[in-house]
Amino acid sequence: MAAITAENLTITYDGVPAVEGVTFEIERGETLLLLGPNGAGKTTLIKTIACFHREYSGELRVFDRPPCEARELIGYVPQSHNLNERVPLTALEVVAMGGVYRRGFVHFKIAPEILEKAEEVLNFVGLAGLAGRLFRELSGGQKQRVLLARALISDPEILILDEPLSALDPSARAEVAAVLGKIKRERGITMVITTHDINPLLEVGDKVMLLNKKLVAFGKPEEVLRDSVIKSVYGPLARVVPVEDKLFCITGDTHLHRHGGGGR
Amino acid sequence: MIPEYLIRALLASVMVSVLLGMLSPLINTKGLAFLTHAIFHALLLGAILGMIFGLLLDNLSLVMLVALVVTVAVVLIIAHLEKLGFSPDSAVGIVASFVAGLTVLGFGVLYKVMAGKPYFPLSESIVSYLTGEIFLITLNDLTVLVFGGALLFFVMLFLYRDFLYLSFDPDGLESYGGNTRAYLMILYVLVGAIGALIVQTVGLITLQVVAVLPGAIALMVKSDLRKVIGVSLFLTLGIQLSSVILAYFTDIPPSGLATIMLGVIYGVLLFRR
């Protein structure tokens, strides 16, 4: 069964198209890496899939339902720097947030089973010892893993991640990428991930979409990460360089993307 | 023998402290300081309209009711504008400018009405709403403050975590099944209703300061949520009670003393940083 299908999807803001005529399909359990320059429409596309934005034409289905009817199947992971860190919440409370709104309107006390599940998913993302730590006191990579745990607590069918590696140092990027790999392997959740840096994510990516307001390319990584495709978006200085069994994608905006054919 | 009016003032201070002490951290974390500025304008407009109606109908108990209705209407309009996509500051700016203009017009009407009514009680003077007249609180005012305050307190308490989540990540709250719009509306109505309820004791001029600074100070000195609320509560209580007692002996308006004390504490903490 297809997890996400889009046919001739055009997304607009006040009538002005931000994404035009996009058609693609993601199967259950697949991971889509969404690549493109700033303003390409990556965040617009994922926000529409997650039902934050509703102004679109064409067909968009999430597990064969309109996106807004499939919200309980979706776990959305925002960029951590979009959050208001003045709020003194602990890592555990942030994770529990993903579970409490399944029932009730008043959440004065978090139900014990939700706290138990929150601890379980924190353990899954490797942060069992940091449950009581304030969210704002965590490192960038730890914050991102807490947000992943928050999305996982509701057992979603799809995870949508907005630039999970942005503003992270290389070791934190590796940490987060490792957790994403674990989610894919152990939970088989469909994921849609926007990124400027595809390199650490190629382990988990089944498909790559290159977007620049319109669909430039969509397919398996080795099909999309080609010289001519990359140049068409990032300009003539961009290129794909084969080194041994790996592809390095050098774009005009200095982002380095690499695709390895074998296991790394 | 402690005068009865002082006991009423102290009891009113306790209720005001409980409400503001709980609310203030929320105002700071959600970034509602500018909203309290709009509430200042709305309360003043509401008090003026209330006085006009009260004088015309010979029923000055309408003042608080009209102030409450106007304030709640204003905060609901602001919340609605935010949901339409305006930033919180823009929404407040749009509404507050209209309300400020209407307030000035209202003053003109009030003066004309007052000219036809040469006497009305000092406790209902518009000046008492500006500076706060805690020593003029009647038993009836205190009863309204205690019962209304208790209701608002429990609503705030039970939804406190939801308000924190709303402040932390409204998109996340929405995506996990929460009703962002409803929580935002309730929070804004709470801020407006608490403002209307305590305005006679705290005063319009100082309302914004006493609503914002305790939470700001608590967030500066503590990071754990329970401790933040605890510091905010005890600070507000200490400031309110001491300002009433000082005012009793010095004849200086307590709202002015409370504001100055809070300002000094905040300033000292900022300098120490």
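The values are calculated or read from the model by the stated rules, or taken from the named source; none is laboratory data. Just so it is clear, the model here is predicted, and its values are computed rather than measured. Every residue, glycine among them, receives a Cβ derived from its backbone with ideal geometry; neighbour counts consider all protein chains shown. Side chains included, ligands, DNA and RNA excluded: accessible areas come from the protein's heavy atoms. Shrake-Rupley method; radii C 1.70, N 1.55, O 1.52, S 1.80 Å.
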Given just the C-alpha atoms of chain A, how large is their convex hull per residue in cubic angstrom?
-> 136 Å³
Flagged links, alpha-carbon separation over 18 Å, of A:LYS47/A:LYS220; A:LYS47/A:LYS214; A:LYS214/B:LYS83; A:LYS143/B:LYS30 | A:LYS47/A:LYS220; A:LYS214/B:LYS83; A:LYS143/B:LYS30
Residue-level accessible surface for B:VAL268, protein heavy atoms, 1.4 Å, Å² | 80 Å²
Other residues with Cβ under 12 Å from the Cβ of A:LEU122 give, with Lys and Arg +1 and Asp and Glu -1, a net charge of 0
For chain A, longest principal axis from Cα atoms; helix A:140-152 axis from its Cα atoms; angle between them, nearest 10 degrees, is 70 degrees
For n ≥ 4 DSSP H runs only, could you compute -39500 (n - 2.57) per run for chain A, divide by its residues and tell me the 222 nm figure to the nearest 500?
-> -8500 deg cm²/dmol
For A:CYS249, which sequence-distant residues (separation of 5 or more, or a different chain) have an amide H within less than 5 Å of its own amide H, given hydrogens modelled in the peptide plane?
-> A:VAL241, A:HIS257, A:ARG258, A:HIS259
Enumerate the amide H contacts of A:ALA3 below 5 Å, restricted to partners 5 or more residues apart or on another chain; note that Pro and chain-start residues carry no placed amide H.
-> A:ILE26, A:GLU27, A:ARG28
Can you grab the distance from the C-alpha centre of the stretch B:141-160 to the C-alpha centre of the stretch A:154-187, Å, no decimals?
-> 44 Å
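What does the convex hull of the Cα atoms come to per residue for the stretch B:186-273, in Å³?
Dividing the Cα hull volume of the stretch B:186-273 by its residue count gives 99 Å³.
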Relative contact order, percent, of chain B when contacts are C-alpha pairs under 8 Å separated by at least 6 residues?
-> 32 percent
Starting from the coordinates of the alpha-carbon atoms of the protein assembly as shown, obtain the Kirkwood hydrodynamic radius over all distinct pairs and give the value in Å to one decimal.
-> 26.0 Å
Dimensions (Å) - the stretch B:84-211, Cα atoms, principal axes, largest first = 59, 34, 22
The stretch A:148-226 -> Rg/Rh from Cα coords, Kirkwood Rh, value 0.96
What percent of all Cα-Cα pairs in the stretch A:1-147 falls in each 10 Å bin, counting up from 0?
-> 10, 32, 31, 23, 4
Quick one, could you list the DSSP H helices from chain B stretching 15 Å or more along their long axis (Cα atoms) with average Kyte-Doolittle hydropathy of 1.0 or above?
-> B:4-30, B:33-57, B:62-83, B:88-115, B:139-158, B:180-202, B:204-221, B:225-250, B:254-272
Using every pair of alpha-carbon atoms in the stretch B:193-240, split the distances into 5 Å bins beginning at 0 and state the percent of pairs per bin, rounded to integers.
-> 5, 23, 26, 23, 15, 8, 1
Share of pairwise Cα separations in the stretch A:61-211, more than 25 Å, in percent | 26 percent
Any number yet on Rg/Rh for the stretch B:154-195, C-alpha, Kirkwood?
-> 0.98
Could you please put A:VAL208, A:VAL241 in sequence from largest to smallest accessible area, using a 1.4 Å probe?
-> A:VAL241, A:VAL208
Treating every alpha carbon of chain B as one equal point scatterer without solvent, the Debye formula yields log10 I(q)/I(0) values at q = 0.07, 0.10 Å⁻¹ of -0.25, -0.50
